[in-house]
Amino acid sequence: MKVDYHLHPNLQGEHASRRLRAIWRALSKKHIDAIICSEHTFKDAPGAYRALTAARPEGDKTHVFPGAELVAKDCHGIDIIAFAEHDWYDEHPRLLEPYAMTLREMLSYLRNSDLHYFIPHPLIVSSTLRKLYPTEEEMQEFLSTVPAFEAFNASFLLLEHLFQYPALRPLLKRFRHRLRAGASVDLSRYQKPNHNFIAVGSDAHHPWEIGFCLEIPGNETENRHSVFEKLTTNTVINTLHFPRFNWTVPRLIAMGWTTMCEGLMRRELRRELETEPFAIEEGLSLNVEVSS
């Protein structure tokens, strides 16, 4: 059974319906049996999940579970992916407010909730979590306190194809090594007996990125509850499926554009939250002279 713990519908824009159809075609073509719809909370995670499930083609059997990539306010935003078997968004509105909680507060809330959760891409180059836990020992200690983490994130797989060009290999060798080291977590050093499951995600933001997945025991005939139970209890990585990407410059540009837009959205949201509105004290009058 092929599963993807980390997928973004990325429905912003005027072509959402076209993108939804493309997502379902990709899921069917790649034979993905289950995904966690983990849209960023600053991009309407509930709406993304509900739109995706509403657009399901008749007869498609891919299980879609509602999730969200939450944003804690430490270090300009640390991500946590929360998910459940049922549509949980209206029950936990506070979680869906980006930068509303510190990482400690968010983890405390999640521990006392009915939600499952994991830390996505903990070692990736751009992860803000590494600013909070910069050494391997500190990161190991932190990850030992959570129920799960993402052992492999495929967001840089397409970018790695750029490094195949002979002229670029010497220039990008060190960066390529950093990408690979950050995309995967050495389970022999980080996995602990207290971890409930191991997550693996494509981190896809475009339909053509869909396909990277983890194979876990099970088959396509299992019901939704059974599949969810296996998603939240599997602690072994036996088989990873790497899709063959059709590398093109427009796709690389699209990835870069999406990354830039999300970065600007985060920045603007932080700016709005950090700027307190101007308030006029009650009973205070303002005399304003207008010159002609």
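No lab work stands behind these numbers, since they all come straight from the coordinates. No experiment lies behind these values; they were computed from the predicted model shown. Cβ placement follows ideal geometry from the backbone for every residue including glycine, while neighbour counts extend to all protein chains displayed.
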task: Could you go through segment 188-197 in sequence order and give the Karplus-derived ³J(HN,Hα) for each residue, using 6.51 cos²θ - 1.76 cosθ + 1.60 with θ = phi - 60°, rounded to whole Hz, and x for Gly and Pro?
output: 5, 9, 10, 6, 10, x, 7, 6, 6, 7
query: If each residue's Cβ is checked for other Cβ atoms within 10 Å, how do 37, 213 rank with the fewest at the top?
result: 37, 213
field: residue 102 long-range amide H proximity, modeled H, under 5 Å
entry: 73
task: Using the Karplus curve 6.51 cos²θ - 1.76 cosθ + 1.60 with θ = phi - 60°, work out ³J(HN,Hα) for each residue of segment 114-128 in order, rounded to whole Hz, and write x for Gly and Pro.
output: 9, 8, 9, 7, 8, 8, x, 5, x, 10, 5, 3, 8, 5, 6
- prompt: Which whole-number percent is the relative contact order of the chain (Cα, under 8 Å, 6+ apart)?
  reply: 20
message: In whole Hz and in residue order, list the ³J(HN,Hα) couplings for segment 47-64 that follow from phi through the Karplus curve 6.51 cos²θ - 1.76 cosθ + 1.60, θ = phi - 60°; x for Gly and Pro.
response: x, 5, 5, 5, 5, 5, 5, 5, 8, 4, x, 4, x, 6, 10, 5, 7, 10
statement: Note on segment 75-148: the mean projected area of its alpha-carbon convex hull, in nm², is 5.0
field: Amide proton proximity set for residue 213, modelled H, under 5 Å, gap of 5+
entry: 241
- line: Most packed first (mean Cβ within 10 Å per residue), the peptides 186-198, 78-90 order as 78-90, 186-198
statement: Residues whose modelled amide H sits under 5 Å from the amide H of residue 204, counting only those 5 or more places away in sequence or on another chain, are 8
field: Prolate/oblate/rounded call for segment 2-274, Cα gyration tensor, a/c under 1.5 rounded
entry: rounded
- request: For the pairs 61/131; 73/230; 30/131; 131/192; 30/230, note any where the Cα-Cα span goes beyond 30 Å.
  value: 61/131; 73/230; 30/131
Estimated 222 nm signal from helices in the chain, with DSSP H stretches of n ≥ 4 weighted -39500 (n - 2.57), rounded to 500: -10500 deg cm²/dmol
